[in-house]
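One structure is given below, encoded as structure tokens.
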2 protein chains.
Amino acid sequence: MRSERVRSWWGWGFEDAAVGGEERAALLARLPPHWVTDELPVPRVGDLDLRAPRVRPPDSVGGVCTVHPHVRAAHTYGKAYRDVIRALHGDLGAVPDVVAYPETEAQIVDLLDWAGGANVAVIPYGGGSSVVGGVEYRGNAHDAVLSLDLTRMDRVLEVDRTSRAALIQAGALGPVLESQLAPYGYTLRHFPQSFEFSTLGGWLATRAGGHFAMRHTHIDDFVEAMRVVSPSGTSQTRRLPASGAGPSPDRLFLGSEGTLGVITQAWLRLQDRPAHKASRAVSFGDLATGLQAVRAIAQSGLDPSNCRLLDEAEAAVNAGRTDGRAVLVLGFESADHPVDGALARGLEIARDHGGSVDARSTQDTVGDWRSAFLRMPYVRDALVRSGVLVETFETACTWDVAADVCDSVRSGVRAATAEICGEPGLLTARVTHVYPDGVAPYFTVIAPARAGGEVQTWDQIKAAASDILVRLGASITHHHAVGRDHLPWYEAQRPEPFGYILRAAKNSLDPQGILNPGVLFD
Amino acid sequence: MRSERVRSWWGWGFEDAAVGGEERAALLARLPPHWVTDELPVPRVGDLDLRAPRVRPPDSVGGVCTVHPHVRAAHTYGKAYRDVIRALHGDLGAVPDVVAYPETEAQIVDLLDWAGGANVAVIPYGGGSSVVGGVEYRGNAHDAVLSLDLTRMDRVLEVDRTSRAALIQAGALGPVLESQLAPYGYTLRHFPQSFEFSTLGGWLATRAGGHFAMRHTHIDDFVEAMRVVSPSGTSQTRRLPASGAGPSPDRLFLGSEGTLGVITQAWLRLQDRPAHKASRAVSFGDLATGLQAVRAIAQSGLDPSNCRLLDEAEAAVNAGRTDGRAVLVLGFESADHPVDGALARGLEIARDHGGSVDARSTQDTVGDWRSAFLRMPYVRDALVRSGVLVETFETACTWDVAADVCDSVRSGVRAATAEICGEPGLLTARVTHVYPDGVAPYFTVIAPARAGGEVQTWDQIKAAASDILVRLGASITHHHAVGRDHLPWYEAQRPEPFGYILRAAKNSLDPQGILNPGVLFD
């Protein structure tokens, strides 16, 4: 069942899917020539000066552990720009000492026992797609670091057809779990951009958001029950469609980012595969006009599956549009009933708010954008290797501040980029998720990097963006999680008494402080 | 703005709405004559031997406090059967020493400060409609008891038309907040059976469930932000439509039942008033057949507003049906678009699963049931005064065990009632909320009471029911909360590590243990 293709140790996805040749040439031809440098070579792992493992797991758990340099290198960082560029520079200072691939929950318990006694930090690791420093050890309070890779626990253990739910192990990557559900005619229908290279456990730990614009898109809402192994014991919640019995235990583990325990399996609500689909593209004079239409659609109760609004720059870069208009991709899906009526009403609302149906056929626009979406992380890597800074960040806010957030971020980040990189670069915006009371804007920055100072460059731009978000009342993240990179802004956003509670929870479940230290807590 | 009608101190609602005269006679005529006793008189509060207040609040907070006997008596219990019967018997041993009606958050802070120093238990009190002992002090670890009545903080402070959300004080009763939203054309659309006599803060603290069968029905899902005053500080979350920044703070306070802090206000998502409605009644040979249809509808993505399935006994008692069939009330609502197509498809699914459209006009059946629903607590009080035991309990479970839960509860509770009361009484069942992966069944027990032993009688029947629920994997409650009455079964259901977390949270925010002691924790 497992893929034989080789995963990149330094960048996104499979090595054989990397952007190269004509695709790379065409990509670079679209950039200002002075942004592009010679292609950075990928270091050979054998040439890297990896720190020797500082610890040796006991024989009882040693069988599932490895100190193979390639594996350790691949588990050092997530997949943010700052991760990729550091790996390309051969900067693997945070390399874990050991990587474990447990196959049973008992092995996880044993590994945690050993780590607690040996003061070894344990970093739960799924697909490694964090873009917020979620899987990278920083600091020096521990004697060694263990990366706990869950991907050998990737089975769908049970399917309950009556309740349309499945018990799935946390280490299943998106395609791995979908391929096991397909024979039943079901889908989890959770498609984050990282789908191929992220796991159920990672989605749960970080409150991942899927591809769809409304409703069944946050993994939070799919959870019937969860199982979490902590140093203080294992928590198993009861399978329930809903409950009013005290605060939700699952909701406290959702978003705990590996700091309270290791999620080992969960019961998830499934969907029937959609049988009815309808979608159209609508264009608007600018993003602000499009936002008005999207708000009206989001408040209509129509609940579109897709309601992606791309600003003019995003539409140009990723949907091949050259007319300078913002574009909305509006789509509906159902496994049970036709959705043409819903689409018609959605388009009517869009027209009432200044939208016009795109002259190009819908399928082209939708298709263009979707393939670009899935290809984007590979493209990012190719650009990074050619001296270009490419990174994204995202947020959520209520509608009353949405236009201000989008405008302030766009102007503020352009100004910060101009100051730091010498020119404003390209900033694109899109709306990925919509709600009756608000919206989740997503931004991409593309600019010439400062050779040798790439990480600091990005950190300065990101800090400027984060300051704006938190000042305007937006969230520091909608679905990328807190990790280590967002910590200062998260602390500004989180109510202080809830901070006490989280810390008390941490002390209860992880009294030795070995679980993903540095995430969520200072 | 406030009602001048007199609230009952011992039972449900307004005194002038009590069941009497011909309505009472007709009600009792439907019961076996040997169940009915002489009408229990309502004691005069002045005749009750209320314990003298053991504490006197300092002048700084004394202005909002009262020791008026009628007020203290009315704040002693919730509105469960065991509460009403004890009040009728003049058993007010749990009477609070003082009742406070704060008008500002600063006064709440002062009251908590004083209570912490004086070892006074503080019981946050909204509408007092708890049926699980949620507002009743038990034990003797405190020197006195303060009932903290929030109903003078009942204003809609702000309406954000753009985001369709409002900032509402926690002490607003249902009609009080709806009347303030109506001029804007909005509704919170949260209609629990207790609607008239429960508050926003109570709904949030207990994770209340509204009238509607699917989607916008749990108060949890309406919350944008919450403000909670605890002895360790005030927690204010940020208004967000969604967020992936750590575990949700709001979701930990939702369901905390006054043990972690006093909810003072919240930003809530609003709805436009529905402009399109359509509903029909469908009957089935029995409850099990109806459950199959309801499951198919719940998994269709049609999301009916109403999908209430009444078993044959419930249909007979509360919808006036005499044909021995189960009946489903299926309804759709929208503020934006017609719902006839959705209803047609829903009815098609119901027919495919053995349903037949009721011969009576839909409006009659729906109307009959709805008025009976709202009148039910008053009817309950009249029955209690006539020697009849009447009580309800509810649960939630996944579909795979739904039929077993319904059957086992019905047979198990009939058997328990027969053993305890000498005859099986009447047990009715209905489905109040449905989910793609499960259902919330709701049961009503009507039986002859054992004069003088009413509380013990009910407690034994309830224990039998609760044992069945927890054994079969159902929840001890879907929307009635844990309170004090559900504690043993809640502890069996709650994962032990989450118990550690809750206790740690409690110690952090309420280190003196004054907030609603005995709820959620042993």
Residues of segment B:469-501 classified as over 15 Å from B:Thr206 (Cα atoms) and either open to solvent by 20 Å² or more (accessible area, probe 1.4 Å) or within 7 Å of another protein chain (Cβ to nearest Cβ) (or both), total = 16
Are any residues in segment B:305-317 closer than 22 Å to A:Met214 by Cβ and crowded, with 24+ Cβ neighbours inside 10 Å, and if so, which ones?
-> B:Cys307
Tally, over segment A:444-453, of residues that are at pLDDT 95 or above and buried (at least 22 other Cβ atoms within 10 Å of the Cβ) = 2
Residues of segment A:226-248 satisfying the condition of being open to solvent by less than 20 Å² (accessible area, probe 1.4 Å), at the interface with another protein chain (Cβ under 7 Å from one of its Cβ atoms) and not in a loop (DSSP other than H, G, I, E, B) = A:Ser230, A:Ser235
Selection from segment A:311-322 of residues outside any helix (DSSP H, G or I) and in contact with a helix residue (DSSP H, G or I) (Cβ under 6 Å, 6 or more places away or on another chain) yields A:Asp311, A:Gly320, A:Arg321
Given the residues A:Tyr81, A:Tyr77, which is the only one that is open to solvent by less than 30 Å² (accessible area, probe 1.4 Å) and in contact with a strand residue (DSSP E or B) (Cβ under 6 Å, 6 or more places away or on another chain)?
-> A:Tyr81
Which one is surrounded by the most Cβ atoms within 10 Å (Cβ to Cβ), of the residues in segment B:91-121 that are among the small types (Gly, Ala, Ser) and within 24 Å of the chain's Cα centre (by Cα)?
-> B:Ala100
How many residues of segment B:287-304 are open to solvent by 10 Å² or more (accessible area, probe 1.4 Å) and more than 15 Å from B:Asp352 (Cα to Cα)? The answer is 3
Boolean, B:Trp399 is open to solvent by less than 20 Å² (accessible area, probe 1.4 Å), more than 14 Å from every other protein chain (Cβ to nearest Cβ) and among the aromatic types (Phe, Trp, Tyr) | no
State the number of residues belonging to segment A:264-283 that are assigned to a strand (DSSP E or B) and out of contact with any Asp or Glu (no Cβ under 9 Å at 6 or more places or on another chain).
-> 1
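A quick yes/no check of all residues on (1) touching a residue at least 12 places away in the same chain (Cβ under 8 Å); (2) open to solvent by 20 Å² or more (accessible area, probe 1.4 Å); (3) within 14 Å of another protein chain (Cβ to nearest Cβ):
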| site | (1), (2), (3) |
| --- | --- |
| B:Leu426 | yes, yes, no |
| B:Tyr442 | yes, no, yes |
| B:Ala465 | yes, no, no |
| B:Ser508 | yes, yes, yes |
Please enumerate the residues belonging to segment A:193-240 that are among the acidic types (Asp, Glu), under 22 Å from A:Pro441 (Cβ atoms) and in contact (Cβ under 8 Å) with a residue 60 or more places away in the chain.
-> none
Over segment B:160-178, the set of residues more than 10 Å from B:Leu188 (Cβ to Cβ) and among the acidic types (Asp, Glu) is B:Asp160
Out of A:Asp91, A:Asp83, sole residue that is within 30 Å of A:Glu391 (Cα to Cα), free of Cβ contacts under 8 Å to residues at least 40 places away in the same chain and either among the acidic types (Asp, Glu) or part of a strand (DSSP E or B) (or both) | A:Asp91
Using the structure shown, decide if B:Arg325 is more than 10 Å from chain A (Cβ to nearest Cβ), touching a residue at least 60 places away in the same chain (Cβ under 8 Å), of a type in the set (Lys, Arg) and crowded, with 18+ Cβ neighbours inside 10 Å.
-> no
Quick check: is even one residue across segment A:409-420 out of contact with any Phe, Trp or Tyr (no Cβ under 9 Å at 6 or more places or on another chain), open to solvent by less than 20 Å² (accessible area, probe 1.4 Å), in contact (Cβ under 8 Å) with a residue 60 or more places away in the chain and more than 14 Å from chain B (Cβ to nearest Cβ)?
-> no
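Looking at B:Gly171, B:Gly133, B:Gly185, B:Gly202, can you tell me which residue is touching an Asp or Glu at 6+ places or on another chain (Cβ under 8 Å), crowded, with 24+ Cβ neighbours inside 10 Å and either on the phi > 0 side of the Ramachandran plot or modelled with pLDDT of 95 or more (or both)?
B:Gly171
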Among the candidates A:Arg269, A:Arg251, single out the residue that is facing chain B (nearest Cβ under 8 Å), surrounded by fewer than 24 Cβ atoms within 10 Å (Cβ to Cβ) and without any contact (Cβ under 8 Å) to a residue 60 or more places away in the chain.
-> A:Arg251
Within the group A:Ala245, A:Ala298, which residue is at pLDDT 95 or above, in contact with a Pro (Cβ under 6 Å, 6 or more places away or on another chain) and closer than 29 Å to B:Ile297 by Cα?
-> A:Ala298
Pairs, please: C-beta under 7 Å, at least 6 apart or cross-chain, first residue within 22 Å of B:Glu394 (Cα to Cα) and within 11 Å of another protein chain (Cβ to nearest Cβ) and in segment B:284-310, second hydroxyl-bearing (Ser, Thr, Tyr) and open to solvent by 10 Å² or more (accessible area, probe 1.4 Å)?
-> B:Ala298/B:Tyr435
Determine, yes or no, whether B:Gly320 is more than 14 Å from every other protein chain (Cβ to nearest Cβ) and over 25 Å from B:Arg189 (Cα atoms).
-> yes
Residues satisfying the stated conditions in segment A:49-87, i.e. closer than 23 Å to A:His486 by Cα and of a type outside the set (Lys, Arg) | A:Ala74, A:His75, A:Thr76, A:Tyr77, A:Gly78, A:Ala80, A:Tyr81, A:Asp83, A:Val84, A:Ile85, A:Ala87
Does segment A:136-168 hold any residues that are on the phi > 0 side of the Ramachandran plot and within 14 Å of chain B (Cβ to nearest Cβ), and which are they?
-> A:Arg164
Give the residues of segment A:29-57 that are in a helix (DSSP H, G or I) and open to solvent by 30 Å² or more (accessible area, probe 1.4 Å), sorted by residue number.
-> A:Ala29, A:Pro33, A:His34, A:Gly46, A:Asp47
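The values are calculated or read from the model by the stated rules, or taken from the named source; none is laboratory data. These figures come from a predicted structure and were not determined experimentally. Reconstructed Cβ throughout: ideal geometry from the backbone, glycine too, with neighbour counts over all protein chains shown. Accessible surface areas use protein heavy atoms only, side chains included; no ligands, DNA or RNA. Shrake-Rupley method; radii C 1.70, N 1.55, O 1.52, S 1.80 Å.
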